[in-house]
Amino acid sequence: MISIDKLVVGKSNVSTLFAFIRRKGEIVSSKFIDSAKLNFVNRQWQENGRDFFSFNCISHWVLIAIVEEDKDSCFQVEMLRRLGGRVLDFCDREYIKDLQFVGELDKECALAYVEGMLLASYTFDNYKTDPKRVIHPFDHLDVINEHVETEDLQRLLIVARAVEKCKDLVNEPYCSLNAEGLAAAFVNMSHEVGIDVEVMHKQQIEAKQMGGILAVNKGSIDPPTFTVMQYSPENAVNEKPLVLVGKGLVYDTGGLNLKPGDYMNDMKEDMAGAAVMACAMYAVAALGLPVKVVGLFPSTDNRPGGDAYASGDIVNMYDGTNVEVVNTDAEGRMILADALAYAKEFSPALVIDAATLTGAASRAIGPYGIACVEKDAEKYMDCLCGCGEQVYERIARFPFWREYDQLIKSDIADIKNCGPAEAGMITAGKFLAYFTDYPFIHLDIAGVAMFDKKNNYTGKGATGFGVRLIVEFADAFASMCKHDKYLGKKI
Ligand code: BES
Ligand code: ZN
Ligand code: ZN
(Lines give C-alpha, C1' and ligand atoms only; values in the text may rest on other atoms or scores of the structure.)
(Ligands and ions follow the chains in the order given, each with its own letter.)
Protein backbone atom coordinates (compact mmCIF):
# COMPACT_ATOMS: atom_id res chain seq x y z
CA MET A 1 0.00 0.00 0.00
CA ILE A 2 1.13 3.56 -0.63
CA SER A 3 2.23 5.87 2.21
CA ILE A 4 0.72 9.28 2.95
CA ASP A 5 1.87 12.41 4.83
CA LYS A 6 0.40 15.76 5.62
CA LEU A 7 2.50 18.69 4.34
CA VAL A 8 2.02 22.31 5.34
CA VAL A 9 3.86 23.85 2.40
CA GLY A 10 4.13 22.38 -1.09
CA LYS A 11 7.46 21.40 -2.67
CA SER A 12 8.59 22.71 -6.02
CA ASN A 13 9.39 20.43 -8.94
CA VAL A 14 7.32 17.60 -7.52
CA SER A 15 4.36 16.22 -9.41
CA THR A 16 1.19 17.87 -8.15
CA LEU A 17 -2.52 17.26 -8.48
CA PHE A 18 -4.87 20.22 -8.17
CA ALA A 19 -8.47 19.14 -7.64
CA PHE A 20 -11.52 21.39 -7.92
CA ILE A 21 -15.25 20.94 -7.45
CA ARG A 22 -17.13 23.17 -9.89
CA ARG A 23 -20.58 23.60 -11.38
CA LYS A 24 -20.86 23.26 -15.16
CA GLY A 25 -19.56 26.46 -16.74
CA GLU A 26 -17.90 27.72 -13.55
CA ILE A 27 -14.30 28.92 -13.92
CA VAL A 28 -11.28 27.24 -12.29
CA SER A 29 -8.66 29.55 -10.80
CA SER A 30 -5.63 29.18 -8.54
CA LYS A 31 -2.65 31.31 -7.70
CA PHE A 32 -0.48 28.18 -7.86
CA ILE A 33 -1.23 27.44 -11.53
CA ASP A 34 0.08 29.62 -14.37
CA SER A 35 -2.43 31.41 -16.59
CA ALA A 36 -1.55 29.51 -19.79
CA LYS A 37 -2.58 26.22 -18.16
CA LEU A 38 -5.62 27.77 -16.52
CA ASN A 39 -6.84 29.24 -19.82
CA PHE A 40 -6.45 25.92 -21.58
CA VAL A 41 -8.20 24.01 -18.77
CA ASN A 42 -11.08 26.45 -18.59
CA ARG A 43 -11.63 26.43 -22.34
CA GLN A 44 -11.64 22.63 -22.52
CA TRP A 45 -13.87 22.29 -19.47
CA GLN A 46 -16.39 24.85 -20.81
CA GLU A 47 -16.40 23.71 -24.41
CA ASN A 48 -15.89 19.96 -24.21
CA GLY A 49 -16.63 19.10 -20.61
CA ARG A 50 -13.09 17.69 -20.28
CA ASP A 51 -12.32 17.17 -16.60
CA PHE A 52 -8.80 15.74 -16.37
CA PHE A 53 -5.56 17.36 -17.57
CA SER A 54 -1.94 16.30 -17.40
CA PHE A 55 0.94 18.65 -18.19
CA ASN A 56 4.37 17.12 -18.54
CA CYS A 57 6.81 19.71 -17.15
CA ILE A 58 9.85 17.39 -17.70
CA SER A 59 11.01 17.35 -14.06
CA HIS A 60 7.48 16.77 -12.82
CA TRP A 61 3.82 16.66 -13.83
CA VAL A 62 1.01 19.07 -13.17
CA LEU A 63 -2.34 17.31 -13.01
CA ILE A 64 -5.59 19.22 -12.85
CA ALA A 65 -8.93 17.52 -12.14
CA ILE A 66 -12.38 19.05 -12.05
CA VAL A 67 -15.17 17.17 -10.34
CA GLU A 68 -18.64 18.37 -11.19
CA GLU A 69 -20.64 19.67 -8.25
CA ASP A 70 -23.48 17.37 -7.25
CA LYS A 71 -26.34 18.08 -4.87
CA ASP A 72 -26.15 14.52 -3.52
CA SER A 73 -23.34 14.98 -1.01
CA CYS A 74 -22.63 11.23 -0.72
CA PHE A 75 -22.26 10.91 -4.47
CA GLN A 76 -20.05 14.01 -4.51
CA VAL A 77 -17.72 12.38 -1.98
CA GLU A 78 -17.77 9.17 -4.02
CA MET A 79 -16.70 11.10 -7.13
CA LEU A 80 -13.58 12.15 -5.24
CA ARG A 81 -12.80 8.55 -4.28
CA ARG A 82 -13.14 7.62 -7.93
CA LEU A 83 -10.84 10.49 -8.89
CA GLY A 84 -8.29 9.01 -6.48
CA GLY A 85 -8.47 5.73 -8.39
CA ARG A 86 -8.10 7.48 -11.72
CA VAL A 87 -5.07 9.49 -10.62
CA LEU A 88 -3.41 6.41 -9.16
CA ASP A 89 -3.74 4.63 -12.51
CA PHE A 90 -2.27 7.65 -14.29
CA CYS A 91 0.71 7.83 -11.92
CA ASP A 92 1.47 4.11 -12.30
CA ARG A 93 1.26 4.39 -16.07
CA GLU A 94 3.59 7.39 -16.23
CA TYR A 95 6.04 6.08 -13.60
CA ILE A 96 5.23 8.90 -11.19
CA LYS A 97 6.51 7.88 -7.73
CA ASP A 98 5.48 10.84 -5.57
CA LEU A 99 2.57 13.19 -5.81
CA GLN A 100 1.42 16.14 -3.78
CA PHE A 101 -2.29 16.75 -3.62
CA VAL A 102 -3.49 20.31 -3.38
CA GLY A 103 -7.17 21.09 -3.30
CA GLU A 104 -9.24 23.75 -1.65
CA LEU A 105 -11.66 20.99 -0.77
CA ASP A 106 -13.47 20.50 2.50
CA LYS A 107 -12.17 17.78 4.82
CA GLU A 108 -14.61 15.07 3.72
CA CYS A 109 -13.89 15.51 0.02
CA ALA A 110 -10.12 15.77 0.49
CA LEU A 111 -10.10 12.58 2.60
CA ALA A 112 -12.29 10.78 0.07
CA TYR A 113 -9.74 11.55 -2.63
CA VAL A 114 -6.94 10.14 -0.45
CA GLU A 115 -9.05 7.11 0.39
CA GLY A 116 -9.68 6.44 -3.30
CA MET A 117 -5.93 6.48 -3.98
CA LEU A 118 -5.19 4.23 -1.02
CA LEU A 119 -7.82 1.67 -1.96
CA ALA A 120 -6.86 1.71 -5.62
CA SER A 121 -3.21 1.02 -4.80
CA TYR A 122 -4.04 -2.58 -3.77
CA THR A 123 -2.53 -5.36 -5.88
CA PHE A 124 -2.47 -9.13 -5.40
CA ASP A 125 1.01 -10.24 -6.44
CA ASN A 126 1.53 -13.44 -4.42
CA TYR A 127 1.65 -15.71 -7.45
CA LYS A 128 3.44 -13.62 -10.12
CA THR A 129 6.93 -14.89 -10.84
CA ASP A 130 7.90 -12.16 -13.31
CA PRO A 131 9.49 -9.38 -11.18
CA LYS A 132 8.46 -6.72 -13.72
CA ARG A 133 4.82 -7.46 -13.02
CA VAL A 134 5.16 -6.70 -9.33
CA ILE A 135 6.56 -3.21 -9.79
CA HIS A 136 3.97 -0.54 -8.99
CA PRO A 137 5.73 2.80 -9.43
CA PHE A 138 3.51 5.08 -7.38
CA ASP A 139 4.24 4.94 -3.67
CA HIS A 140 3.85 8.23 -1.82
CA LEU A 141 1.20 10.93 -1.49
CA ASP A 142 1.62 14.27 0.31
CA VAL A 143 -1.58 16.01 1.30
CA ILE A 144 -1.63 19.78 1.50
CA ASN A 145 -4.98 20.78 2.96
CA GLU A 146 -5.55 22.86 6.11
CA HIS A 147 -8.62 20.86 7.14
CA VAL A 148 -6.92 17.48 7.08
CA GLU A 149 -5.09 16.33 10.24
CA THR A 150 -2.48 13.60 10.51
CA GLU A 151 -4.94 11.58 12.67
CA ASP A 152 -7.48 11.63 9.84
CA LEU A 153 -4.89 10.11 7.53
CA GLN A 154 -3.97 7.55 10.18
CA ARG A 155 -7.61 6.47 10.39
CA LEU A 156 -7.83 6.11 6.62
CA LEU A 157 -4.69 3.99 6.60
CA ILE A 158 -6.06 1.63 9.25
CA VAL A 159 -9.32 1.09 7.41
CA ALA A 160 -7.55 0.70 4.05
CA ARG A 161 -5.25 -1.89 5.62
CA ALA A 162 -8.31 -3.82 6.82
CA VAL A 163 -9.82 -3.71 3.32
CA GLU A 164 -6.51 -4.91 1.92
CA LYS A 165 -6.38 -7.84 4.36
CA CYS A 166 -9.89 -8.79 3.34
CA LYS A 167 -9.03 -8.69 -0.36
CA ASP A 168 -5.91 -10.79 0.24
CA LEU A 169 -7.92 -13.47 2.04
CA VAL A 170 -10.63 -13.60 -0.61
CA ASN A 171 -8.14 -13.59 -3.51
CA GLU A 172 -6.18 -16.47 -1.98
CA PRO A 173 -7.24 -19.73 -3.67
CA TYR A 174 -8.68 -22.70 -1.83
CA CYS A 175 -5.52 -24.78 -2.42
CA SER A 176 -3.65 -22.42 -0.09
CA LEU A 177 -6.47 -21.39 2.26
CA ASN A 178 -8.72 -24.08 3.68
CA ALA A 179 -10.86 -23.75 6.81
CA GLU A 180 -7.86 -24.26 9.14
CA GLY A 181 -5.89 -21.70 7.12
CA LEU A 182 -8.66 -19.12 7.35
CA ALA A 183 -8.94 -19.65 11.11
CA ALA A 184 -5.16 -19.26 11.47
CA ALA A 185 -5.31 -15.98 9.52
CA PHE A 186 -8.05 -14.73 11.88
CA VAL A 187 -5.93 -15.71 14.89
CA ASN A 188 -2.92 -13.76 13.56
CA MET A 189 -5.01 -10.68 12.81
CA SER A 190 -6.60 -10.82 16.24
CA HIS A 191 -3.24 -11.04 18.01
CA GLU A 192 -2.01 -8.03 16.04
CA VAL A 193 -4.68 -5.73 17.49
CA GLY A 194 -5.56 -7.25 20.89
CA ILE A 195 -8.72 -9.19 20.07
CA ASP A 196 -9.37 -12.37 22.13
CA VAL A 197 -9.67 -15.29 19.78
CA GLU A 198 -10.49 -18.97 20.06
CA VAL A 199 -10.77 -21.55 17.31
CA MET A 200 -13.09 -24.51 17.73
CA HIS A 201 -11.74 -27.45 15.71
CA LYS A 202 -13.66 -30.47 14.44
CA GLN A 203 -13.73 -32.25 17.81
CA GLN A 204 -15.17 -29.25 19.62
CA ILE A 205 -17.69 -28.63 16.83
CA GLU A 206 -18.74 -32.28 17.17
CA ALA A 207 -18.96 -31.95 20.94
CA LYS A 208 -21.23 -28.93 20.51
CA GLN A 209 -23.33 -30.89 18.00
CA MET A 210 -23.23 -28.16 15.40
CA GLY A 211 -25.08 -30.31 12.89
CA GLY A 212 -25.24 -27.72 10.09
CA ILE A 213 -21.48 -27.19 9.93
CA LEU A 214 -20.78 -30.92 10.26
CA ALA A 215 -23.27 -31.83 7.52
CA VAL A 216 -21.70 -29.46 4.99
CA ASN A 217 -18.24 -30.67 5.97
CA LYS A 218 -19.06 -34.39 5.50
CA GLY A 219 -17.99 -34.53 1.85
CA SER A 220 -14.70 -32.72 2.50
CA ILE A 221 -11.25 -34.05 3.24
CA ASP A 222 -10.39 -30.97 5.36
CA PRO A 223 -11.87 -30.46 8.86
CA PRO A 224 -14.17 -27.51 9.63
CA THR A 225 -13.40 -24.66 12.03
CA PHE A 226 -15.42 -22.16 14.02
CA THR A 227 -13.54 -19.02 15.03
CA VAL A 228 -14.79 -16.84 17.88
CA MET A 229 -13.26 -13.37 18.13
CA GLN A 230 -14.06 -11.04 21.04
CA TYR A 231 -13.13 -7.40 21.29
CA SER A 232 -14.03 -5.97 24.70
CA PRO A 233 -12.35 -2.59 25.30
CA GLU A 234 -12.38 -1.24 28.86
CA ASN A 235 -14.18 1.91 27.77
CA ALA A 236 -16.96 0.06 25.90
CA VAL A 237 -20.22 2.01 25.80
CA ASN A 238 -22.38 -1.11 25.30
CA GLU A 239 -23.07 -3.94 27.72
CA LYS A 240 -24.61 -6.28 25.17
CA PRO A 241 -22.24 -6.88 22.27
CA LEU A 242 -22.63 -6.19 18.62
CA VAL A 243 -22.22 -9.66 17.09
CA LEU A 244 -20.85 -10.04 13.56
CA VAL A 245 -21.29 -13.38 11.81
CA GLY A 246 -19.69 -14.29 8.46
CA LYS A 247 -19.97 -17.15 5.99
CA GLY A 248 -16.53 -18.76 5.79
CA LEU A 249 -17.16 -21.24 2.96
CA VAL A 250 -13.61 -21.60 1.66
CA TYR A 251 -14.80 -23.29 -1.53
CA ASP A 252 -18.28 -24.06 -2.77
CA THR A 253 -18.56 -26.78 -5.41
CA GLY A 254 -22.28 -27.07 -4.66
CA GLY A 255 -21.72 -30.47 -3.07
CA LEU A 256 -23.68 -33.36 -4.59
CA ASN A 257 -25.88 -30.72 -6.27
CA LEU A 258 -22.68 -29.87 -8.11
CA LYS A 259 -22.44 -26.39 -9.63
CA PRO A 260 -22.39 -26.58 -13.42
CA GLY A 261 -19.53 -25.20 -15.57
CA ASP A 262 -18.65 -21.57 -15.01
CA TYR A 263 -20.79 -21.24 -11.89
CA MET A 264 -17.98 -22.78 -9.84
CA ASN A 265 -15.25 -20.49 -11.16
CA ASP A 266 -15.12 -17.84 -8.45
CA MET A 267 -16.24 -19.96 -5.55
CA LYS A 268 -13.10 -19.28 -3.55
CA GLU A 269 -14.94 -16.01 -2.81
CA ASP A 270 -17.51 -17.86 -0.72
CA MET A 271 -15.67 -17.00 2.50
CA ALA A 272 -15.90 -13.25 1.80
CA GLY A 273 -18.60 -12.75 4.45
CA ALA A 274 -16.27 -14.04 7.17
CA ALA A 275 -13.32 -12.08 5.75
CA VAL A 276 -15.35 -8.85 5.64
CA MET A 277 -16.58 -9.17 9.22
CA ALA A 278 -13.23 -10.29 10.69
CA CYS A 279 -11.35 -7.51 8.88
CA ALA A 280 -13.92 -4.93 9.97
CA MET A 281 -13.37 -6.11 13.56
CA TYR A 282 -9.62 -5.80 13.02
CA ALA A 283 -10.12 -2.15 12.02
CA VAL A 284 -12.52 -1.48 14.92
CA ALA A 285 -9.89 -2.78 17.36
CA ALA A 286 -7.00 -0.97 15.64
CA LEU A 287 -8.99 2.28 15.81
CA GLY A 288 -9.81 1.58 19.46
CA LEU A 289 -13.54 2.19 19.03
CA PRO A 290 -15.29 1.94 22.43
CA VAL A 291 -17.64 -0.88 21.48
CA LYS A 292 -17.85 -4.54 22.46
CA VAL A 293 -17.90 -6.71 19.35
CA VAL A 294 -18.03 -10.49 18.96
CA GLY A 295 -17.18 -12.22 15.66
CA LEU A 296 -18.43 -15.73 14.82
CA PHE A 297 -16.96 -17.42 11.77
CA PRO A 298 -17.98 -20.97 10.83
CA SER A 299 -15.83 -22.36 8.05
CA THR A 300 -15.57 -25.40 5.77
CA ASP A 301 -15.57 -26.20 2.07
CA ASN A 302 -18.56 -27.83 0.36
CA ARG A 303 -17.65 -30.92 -1.67
CA PRO A 304 -19.27 -33.98 -3.15
CA GLY A 305 -16.97 -36.52 -1.43
CA GLY A 306 -18.05 -40.07 -0.76
CA ASP A 307 -19.65 -39.22 2.55
CA ALA A 308 -21.19 -35.94 1.38
CA TYR A 309 -24.56 -34.82 2.73
CA ALA A 310 -27.33 -35.32 0.20
CA SER A 311 -30.67 -33.83 -0.67
CA GLY A 312 -33.36 -35.67 1.27
CA ASP A 313 -31.13 -35.82 4.38
CA ILE A 314 -32.47 -34.43 7.61
CA VAL A 315 -29.94 -32.55 9.68
CA ASN A 316 -30.27 -31.93 13.39
CA MET A 317 -28.86 -28.46 13.97
CA TYR A 318 -27.03 -26.92 16.97
CA ASP A 319 -30.28 -25.55 18.41
CA GLY A 320 -32.17 -28.85 17.91
CA THR A 321 -34.07 -27.80 14.77
CA ASN A 322 -34.46 -30.51 12.14
CA VAL A 323 -33.68 -29.25 8.64
CA GLU A 324 -34.68 -31.09 5.49
CA VAL A 325 -31.93 -30.71 2.91
CA VAL A 326 -33.46 -29.92 -0.47
CA ASN A 327 -30.31 -28.68 -2.15
CA THR A 328 -26.72 -29.20 -0.96
CA ASP A 329 -25.70 -26.00 -2.75
CA ALA A 330 -27.72 -24.01 -0.19
CA GLU A 331 -24.93 -24.78 2.28
CA GLY A 332 -24.07 -21.27 3.50
CA ARG A 333 -27.30 -21.02 5.48
CA MET A 334 -26.59 -24.44 7.07
CA ILE A 335 -23.30 -23.29 8.62
CA LEU A 336 -24.60 -19.79 9.41
CA ALA A 337 -27.68 -21.19 11.19
CA ASP A 338 -25.45 -22.89 13.77
CA ALA A 339 -23.45 -19.69 14.25
CA LEU A 340 -26.63 -17.60 14.61
CA ALA A 341 -28.06 -20.01 17.18
CA TYR A 342 -24.71 -19.92 19.02
CA ALA A 343 -24.87 -16.09 18.99
CA LYS A 344 -27.76 -16.25 21.51
CA GLU A 345 -25.21 -17.17 24.19
CA PHE A 346 -23.73 -13.67 23.95
CA SER A 347 -27.08 -11.86 24.62
CA PRO A 348 -26.44 -9.60 21.65
CA ALA A 349 -27.83 -6.08 21.18
CA LEU A 350 -27.77 -6.77 17.46
CA VAL A 351 -26.44 -9.49 15.16
CA ILE A 352 -25.39 -8.73 11.59
CA ASP A 353 -24.31 -11.47 9.23
CA ALA A 354 -22.54 -11.06 5.90
CA ALA A 355 -22.61 -13.87 3.37
CA THR A 356 -22.19 -14.58 -0.31
CA LEU A 357 -25.45 -16.41 0.07
CA THR A 358 -27.50 -16.32 -3.14
CA GLY A 359 -27.12 -15.72 -6.86
CA ALA A 360 -30.62 -14.24 -6.49
CA ALA A 361 -29.25 -11.24 -4.58
CA SER A 362 -26.73 -10.57 -7.28
CA ARG A 363 -29.31 -10.94 -10.08
CA ALA A 364 -31.75 -8.61 -8.32
CA ILE A 365 -29.51 -5.55 -7.95
CA GLY A 366 -26.31 -6.32 -9.83
CA PRO A 367 -22.85 -5.38 -8.57
CA TYR A 368 -23.96 -2.04 -7.10
CA GLY A 369 -24.80 -2.88 -3.54
CA ILE A 370 -25.77 -5.30 -0.82
CA ALA A 371 -29.20 -6.96 -0.67
CA CYS A 372 -30.49 -6.95 2.84
CA VAL A 373 -33.34 -7.98 5.16
CA GLU A 374 -33.94 -7.16 8.80
CA LYS A 375 -35.92 -8.55 11.77
CA ASP A 376 -36.68 -6.39 14.86
CA ALA A 377 -33.82 -4.07 13.96
CA GLU A 378 -35.40 -1.14 12.17
CA LYS A 379 -33.51 1.66 13.90
CA TYR A 380 -30.19 -0.09 13.40
CA MET A 381 -31.11 -0.77 9.81
CA ASP A 382 -31.86 2.92 9.18
CA CYS A 383 -28.46 3.74 10.61
CA LEU A 384 -26.69 1.06 8.57
CA CYS A 385 -28.31 2.33 5.37
CA GLY A 386 -27.09 5.85 6.17
CA CYS A 387 -23.56 4.48 6.73
CA GLY A 388 -23.84 2.67 3.38
CA GLU A 389 -24.49 5.96 1.59
CA GLN A 390 -21.58 7.63 3.40
CA VAL A 391 -18.99 5.05 2.40
CA TYR A 392 -20.82 4.28 -0.85
CA GLU A 393 -21.23 0.60 -0.03
CA ARG A 394 -24.96 0.88 -0.38
CA ILE A 395 -27.74 -1.32 0.90
CA ALA A 396 -31.00 -2.32 -0.78
CA ARG A 397 -33.69 -3.35 1.73
CA PHE A 398 -35.85 -6.24 0.60
CA PRO A 399 -39.30 -7.04 2.00
CA PHE A 400 -39.49 -9.66 4.74
CA TRP A 401 -43.21 -10.40 4.76
CA ARG A 402 -44.55 -13.29 6.84
CA GLU A 403 -45.86 -15.00 3.66
CA TYR A 404 -42.26 -15.89 2.79
CA ASP A 405 -42.10 -18.08 5.91
CA GLN A 406 -44.46 -20.54 4.24
CA LEU A 407 -41.97 -21.12 1.40
CA ILE A 408 -39.46 -22.94 3.61
CA LYS A 409 -41.93 -25.07 5.58
CA SER A 410 -41.07 -28.77 5.37
CA ASP A 411 -43.55 -31.65 5.23
CA ILE A 412 -41.29 -34.00 7.13
CA ALA A 413 -38.99 -31.80 9.23
CA ASP A 414 -39.18 -28.34 10.89
CA ILE A 415 -37.95 -26.35 7.87
CA LYS A 416 -36.19 -27.03 4.57
CA ASN A 417 -32.96 -25.42 3.44
CA CYS A 418 -34.35 -23.81 0.32
CA GLY A 419 -37.61 -22.62 -1.14
CA PRO A 420 -38.85 -22.26 -4.72
CA ALA A 421 -36.88 -20.37 -7.37
CA GLU A 422 -38.57 -17.03 -6.74
CA ALA A 423 -37.53 -14.65 -3.93
CA GLY A 424 -34.39 -16.71 -3.30
CA MET A 425 -32.54 -13.99 -1.43
CA ILE A 426 -35.48 -13.44 0.92
CA THR A 427 -36.19 -17.11 1.69
CA ALA A 428 -32.50 -17.56 2.48
CA GLY A 429 -32.89 -14.67 4.94
CA LYS A 430 -36.03 -16.32 6.37
CA PHE A 431 -34.09 -19.54 6.92
CA LEU A 432 -31.41 -17.65 8.87
CA ALA A 433 -33.96 -15.62 10.85
CA TYR A 434 -35.52 -18.90 12.06
CA PHE A 435 -32.42 -19.40 14.24
CA THR A 436 -32.47 -15.92 15.83
CA ASP A 437 -34.31 -14.39 18.80
CA TYR A 438 -32.61 -10.96 18.79
CA PRO A 439 -32.51 -7.91 16.47
CA PHE A 440 -31.03 -9.26 13.27
CA ILE A 441 -29.74 -7.90 9.96
CA HIS A 442 -28.74 -10.16 7.07
CA LEU A 443 -26.42 -8.82 4.36
CA ASP A 444 -26.18 -10.82 1.13
CA ILE A 445 -22.93 -9.76 -0.52
CA ALA A 446 -22.97 -12.29 -3.39
CA GLY A 447 -23.15 -9.52 -6.01
CA VAL A 448 -20.29 -7.41 -4.67
CA ALA A 449 -17.66 -9.66 -3.08
CA MET A 450 -15.72 -10.07 -6.30
CA PHE A 451 -15.65 -8.11 -9.57
CA ASP A 452 -14.66 -9.64 -12.89
CA LYS A 453 -13.52 -6.31 -14.28
CA LYS A 454 -11.82 -3.20 -12.99
CA ASN A 455 -14.23 -0.85 -11.32
CA ASN A 456 -13.02 2.62 -10.26
CA TYR A 457 -10.87 2.40 -7.12
CA THR A 458 -12.07 -1.11 -6.28
CA GLY A 459 -10.18 -2.96 -8.97
CA LYS A 460 -10.67 -6.45 -10.33
CA GLY A 461 -11.03 -9.55 -8.11
CA ALA A 462 -11.89 -9.39 -4.42
CA THR A 463 -13.44 -6.06 -3.45
CA GLY A 464 -13.47 -5.97 0.35
CA PHE A 465 -16.97 -4.55 -0.09
CA GLY A 466 -18.59 -4.26 3.32
CA VAL A 467 -15.49 -3.66 5.47
CA ARG A 468 -15.80 0.14 5.35
CA LEU A 469 -19.54 -0.15 5.87
CA ILE A 470 -19.23 -2.19 9.06
CA VAL A 471 -16.45 0.00 10.49
CA GLU A 472 -18.58 3.09 9.86
CA PHE A 473 -21.56 1.35 11.43
CA ALA A 474 -19.60 0.23 14.52
CA ASP A 475 -18.67 3.87 15.05
CA ALA A 476 -22.30 4.98 14.63
CA PHE A 477 -23.47 2.12 16.88
CA ALA A 478 -21.09 3.36 19.60
CA SER A 479 -22.63 6.84 19.32
CA MET A 480 -26.14 5.37 19.51
CA CYS A 481 -25.22 3.42 22.64
CA LYS A 482 -23.68 6.51 24.23
CA HIS A 483 -26.81 8.48 23.47
CA ASP A 484 -29.06 5.75 24.88
CA LYS A 485 -26.90 5.60 27.99
CA TYR A 486 -27.63 9.28 28.67
CA LEU A 487 -31.31 8.48 28.26
CA GLY A 488 -30.96 5.74 30.86
CA LYS A 489 -31.42 2.79 28.50
CA LYS A 490 -28.83 0.05 28.56
CA ILE A 491 -27.60 -1.52 25.37
N1 BES B 1 -22.21 -19.46 -2.74
C2 BES B 1 -23.43 -19.55 -3.43
C3 BES B 1 -24.01 -18.20 -3.83
C4 BES B 1 -23.20 -17.34 -4.75
C5 BES B 1 -23.52 -17.26 -6.09
C6 BES B 1 -22.16 -16.58 -4.28
C7 BES B 1 -22.79 -16.44 -6.92
C8 BES B 1 -21.42 -15.76 -5.12
C9 BES B 1 -21.74 -15.69 -6.45
C10 BES B 1 -24.48 -20.26 -2.57
O11 BES B 1 -23.98 -21.21 -1.70
C12 BES B 1 -25.41 -20.95 -3.49
O13 BES B 1 -24.98 -21.84 -4.17
N14 BES B 1 -26.66 -20.53 -3.51
C15 BES B 1 -27.65 -21.10 -4.35
C16 BES B 1 -28.89 -21.30 -3.51
C17 BES B 1 -29.91 -22.18 -4.12
C18 BES B 1 -29.42 -23.61 -4.22
C19 BES B 1 -31.17 -22.12 -3.29
C20 BES B 1 -27.92 -20.16 -5.51
O21 BES B 1 -27.93 -18.94 -5.31
O22 BES B 1 -28.08 -20.64 -6.62
ZN1 ZN C 1 -23.78 -23.13 -2.59
ZN1 ZN D 1 -22.00 -20.91 -1.05
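Things to note:
- Computed over protein heavy atoms with a 1.4 Å probe, the accessible surface of segment 3-148 works out to 52 Å² per residue.
- Point-charge dipole on Cβ atoms (K/R +1, D/E -1) for segment 3-148, about Cα centre, debye to 20: 340
- Free-standing Cys residues across the chain, given no other cysteine C-beta under 4.7 angstrom: Cys57, Cys74, Cys91, Cys109, Cys175, Cys372, Cys383, Cys385, Cys387, Cys418, Cys481
- Taking every DSSP beta bridge that has both ends in the chain, the antiparallel portion is near 40%.
- Model label points for Asn188 and Gln44, set 7 angstrom from Cα along the Cα-to-Cβ axis, are 4.5 nm apart.
- Per-residue [θ]222 nm for the chain (sum of -39500 (n - 2.57) over DSSP H runs n ≥ 4, rounded to 500): -11500 deg cm²/dmol
- Hypothetical label at Lys240: residues of segment 349-390 whose amide nitrogen lies under 12 Å (7 Å Cα-Cβ projection): 349-351, 376-377
- Radius 12 Å from Cβ of Gly429, net charge of other residues (Lys, Arg +1; Asp, Glu -1): 0
- Peptides ranked, highest mean first, by Cβ atoms within 10 Å: ranges 235-242, 427-434, 51-58, 471-478: 427-434, 471-478, 235-242, 51-58
- Gain on full extension, evaluated as 0.36 nm per residue between Ile314 and Asn56 minus their Cα-Cα distance, stands at 86.0 nm.
- The simple Förster model, with R0 at 30 Å and r as the Cβ-Cβ distance, assigns Arg22 and Cys74 a FRET efficiency of 0.95.
- Protection-proxy order for peptides 220-231, 377-388, each taking the mean of Cβ atoms within 10 Å per residue, highest first: 220-231, 377-388
- With every protein chain in place, segment 100-200: carbon and sulfur % of accessible area (1.4 Å): 50
- Counted residue by residue at 0.36 nm each, then reduced by the alpha carbon distance between them, the extension gain from Ile135 to Glu104 reaches 7.9 nm.
- Charge sum, other residues only, whose C-beta stays under 11 Å from Ala286's C-beta, Lys/Arg counted +1 and Asp/Glu -1: +2
- Relative contact order, percent, segment 176-482 [alpha-carbon distance under 8 Å, six or more residues apart]: 21
- In degrees, nearest ten, helix 332-343 long axis to first principal axis of the chain (Cα): 80
- The slack in the chain from Asp452 to Val14, taken as 0.36 nm per residue of separation less the alpha-carbon distance, amounts to 154.1 nm.
- Neighbourhood charge, 13 Å Cβ-Cβ cut-off, centred on Asn265 and excluding it, Lys, Arg +1 and Asp, Glu -1: -4
- Per-residue accessible area (protein heavy atoms, 1.4 Å probe) orders Cys166, Cys74 as Cys74, Cys166, starting from the largest.
The values are calculated or read from the model by the stated rules, or taken from the named source; none is laboratory data. Since this is a predicted model, take the numbers as computed values, not measurements. Positions of Cβ are backbone-derived with ideal geometry, glycine not excepted, and every protein chain shown enters the neighbour counts. The area values use the complete protein model at the heavy-atom level, side chains included, leaving out ligands, DNA and RNA. Shrake-Rupley method; radii C 1.70, N 1.55, O 1.52, S 1.80 Å.
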